[in-house]
């Protein structure tokens, strides 16, 4: 048995620092100068969809990085100020025992934010160069990078397993599923019902529904003012 609190702090900081850097980069890249969301008359189907999806991915990526940053910061604060016993037979045991949800949440949101960052970088240049090979080349590089990132993440998750046990699944989808289960369990706990977590889920559902409508290109006039004749 040994004290692993400081090592756990280092693990969370490994993601807290890059999450803050990427969040800062996404603001000017994906939000301050958005590509035109209205379809150009020369747009084919793919550019038209990318224009509608771009702001959704940009705000999602920024949100994921901020959430990862908050999860990691709260965990670091708890590890630094808590008087509870932080002794364990290994660092992994301490994480699983006391910080499983913050650890999984930080990883999931950081990964999703990082993939979103790659997407908006490639999509931005593609929308500016859709007529030439540069746009197609950049899009290919971005997609290749995203697939390679997923491969690295999947192998990292597999390597973290011990004794053939996979508490977080065997790939990124298992990690996301584990996060959803842990968060749902905490949200619905009778001892500590998560009201704001429930509200977050409701608004996420509303946003997802409207995102589907946006991607499909459907519009609905919700104005209460009757149109002029």
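Applying the set (1) more than 20 Å from residue 110 (Cβ to Cβ); (2) at pLDDT 75 or above to residue 225 leaves exactly one unmet item: (2). Condition check for residue 135 on (1) under 24 Å from residue 104 (Cβ atoms); (2) at pLDDT below 85; (3) surrounded by 15 or more Cβ atoms within 10 Å (Cβ to Cβ): one failure, at (1). Count of the stretch 93-116 residues, restricted to those that are in contact with a strand residue (DSSP E or B) (Cβ under 7 Å, 6 or more places away or on another chain) and in contact (Cβ under 8 Å) with a residue 60 or more places away in the chain, is 1. Taking the listed residues 175, 209, the one that is part of a helix (DSSP H, G or I), touching a helix residue (DSSP H, G or I) at 6+ places or on another chain (Cβ under 7 Å) and at pLDDT 85 or above is 175, with no other qualifying. Of the set (1) closer than 28 Å to residue 216 by Cβ; (2) part of a helix (DSSP H, G or I); (3) without any contact (Cβ under 8 Å) to a residue 60 or more places away in the chain, all apply to residue 30 but (3).
Scanning the stretch 117-138 for residues that are assigned to a helix (DSSP H, G or I) and closer than 22 Å to residue 32 by Cβ yields a count of 14.
The values are calculated or read from the model by the stated rules, or taken from the named source; none is laboratory data. Because the structure is a prediction, the values reported are computed rather than measured. Using ideal geometry, Cβ is built from the backbone for each residue, glycine included, and neighbour counts are taken over all protein chains shown.
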